[in-house]
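Below is one structure; the comments refer to it alone.
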Amino acid sequence: MSKKSLLALVIAVLIPFSFYILLRHFGSEAIVLPKRYFFDTVQSITSYGKTTPDTVWHKVRNFTLTNQLGKKVSLDELDGKIIVADFFFTSCPIVCPTLTRNMKRLQDAFSNTHTDTIVQFLSFSVDPKRDSAQALKKYADKYGVNHDNWWLLTGDKDEIYDIAKREFKANVADTKIDTNFIHTEYFFLLDRDRVVRGWYNGMDSLGLSRLANDVALLKIEKAKNPQRRIF
């Protein structure tokens, strides 16, 4: 393992525990949570004669695709989970293997906290014509993927590309992306409400550590009635 990979692994393992210690010592009010992205509308709410703006954030819609075990799965099945996602294809020679190895490190790190059921990993194939469920299973086994909380997904190409562009806003996160063949180095983070909370360079140790930070922070975020105001 290279020094860069080792650093990424150490950071990914230690960060969640560091934030847990900070929380125990200072309390949740002392922690700055990851910001929300992509609001749909801003509504006006009047209470006690005072009108204030309230933001309605974009939430990733439900979808149904096929995972590496050949099972039809939907986003609704992951209700209440924190999601880390990327877009890849199994024949990718350089970038995707690195992304997969780094996501595996994150999966292992959060599994070690004994709360791994909270975090779900999704990898969408952007070449679904070639990436059948069988091909995804072979790829998953090669990299030691835990099939329970990491789904490699295939299905209709138009559906997957719509999810990437309209739901995860991949072309906003990565302005260099080719929308005709979505191949990005970024990981995407959704909170329990399916709101995008960040995107991170999955090839970079600093990006990986920032993602690990934010996953740990979202674990302690109050699930109900978060502050949603942006003005």
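Laid out as a table, the results:
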item	result
Region 103-115 residues that are within 17 Å of Gly207 (Cα to Cα) and aromatic (Phe, Trp, Tyr), paired with ones that are modelled with pLDDT under 85 and part of a helix (DSSP H, G or I) (beta carbon under 9 Å, 6 or more apart)	Phe110/Ala12; Phe110/Pro16; Phe110/Asp116
Any strands (runs of 3 or more DSSP E) falling wholly within region 28-87 and containing at least 1 residues that are at pLDDT 95 or above and of a type outside the set (A, V, I, L, M, F, W, C)	64-66, 72-74
Counted residues, region 200-214 - those being surrounded by fewer than 23 Cβ atoms within 10 Å (Cβ to Cβ) and either part of a strand (DSSP E or B) or of a type in the set (A, V, I, L, M) (or both)	3
Cβ-Cβ under 6 Å pairs, at least 6 apart or on other chains, region 163-179 side without any contact (Cβ under 8 Å) to a residue 40 or more places away in the chain, far side assigned to a loop (DSSP other than H, G, I, E, B)	Asn171/Ile177; Asn171/Thr179; Asp174/Thr184; Ile177/Thr184
Region 183-198, residues that are within 15 Å of Val172 (Cα to Cα) and of a type outside the set (A, V, I, L, M, F, W, C)	His183, Thr184, Glu185, Tyr186, Arg197, Gly198
Single match in Thr175, Thr117 (criterion: under 21 Å from Ala212 (Cβ atoms) and β-branched (Val, Ile, Thr))	Thr117
Hey, Val196 part of a loop (DSSP other than H, G, I, E, B), farther than 18 Å from Ser74 by Cβ, at pLDDT 95 or above and touching a Leu at 6+ places or on another chain (Cβ under 9 Å) or not	no
Single condition Lys81 does not satisfy, out of (1) loosely packed, with under 13 Cβ neighbours inside 10 Å; (2) among the charged types (D, E, K, R); (3) in contact (Cβ under 8 Å) with a residue 60 or more places away in the chain	(1)
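A quick yes/no check of all residues on (1) modelled with pLDDT under 95; (2) more than 21 Å from Ala216 (Cα to Cα); (3) of a type in the set (D, E, K, R):
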{"site": "His114", "(1), (2), (3)": "yes, no, no"}
{"site": "Lys137", "(1), (2), (3)": "no, yes, yes"}
{"site": "Asp158", "(1), (2), (3)": "no, yes, yes"}
{"site": "Tyr186", "(1), (2), (3)": "no, no, no"}
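The values are calculated or read from the model by the stated rules, or taken from the named source; none is laboratory data. On a predicted model such as this, the values are computed, not experimentally measured, just so you know. Here the Cβ is made from the backbone with ideal geometry for all residues, glycine too, and neighbour counts use every protein chain on show.
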